[in-house]
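See below for the structure under consideration.
The values are calculated or read from the model by the stated rules, or taken from the named source; none is laboratory data. Only a predicted model underlies this, so the values are computations on that prediction, with no experimental measurement involved. Glycine also receives a Cβ, built like all others from the backbone with ideal geometry; neighbour counts cover every protein chain displayed.
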Amino acid sequence: MQKKALLSVSIVLAALWAACQRPVPSSRFSALAEAYCECTATLVQLNRATDTLDHKHLPQHFRQIETAYRQARDCMAAAIGQYGLLQTAELDSLTLLLQQRCPGVAHQRDLLEELLSK
């Protein structure tokens, strides 16, 4: 009986420790910036690789970009469900955070508006 209780306490402590390892976002903007960076990471990598690809590989590469975009859109839909849509005026505040966290997409205002605002 004591072994089960000790095991249960150990599991709870391990779960609490794991939860503390990932900092809680300090604001809605911070949470959305983090989600945006994570959701668009693959899309950014694929877009960067486009310039260096051989011409014959471009059709397949563009299909991968299309898939990555759909995944980013679905991923951000989940984040928006949790944190809400941004108003257009709020995008500037988010852009400042993105410049620090994932500068590869911070300058892509059209993608930002498409995935995060009305």
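So here's what we get for this one:
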read-out	value
The listed residue being surrounded by 13 or more Cβ atoms within 10 Å (Cβ to Cβ), in contact with a Lys or Arg (Cβ under 9 Å, 6 or more places away or on another chain) and either charged (D, E, K, R) or closer than 16 Å to LEU116 by Cβ (or both), out of CYS75, CYS39	CYS39
Spans of helices (runs of 4 or more DSSP H) in the chain with at least 3 residues more than 19 Å from the chain's Cα centre (by Cα) and either modelled with pLDDT of 90 or more or of a type in the set (D, E, K, R) (or both)	58-83
Set LEU43, LEU97: member being under 20 Å from PHE29 (Cβ atoms) and touching a residue at least 24 places away in the same chain (Cβ under 8 Å)	LEU97
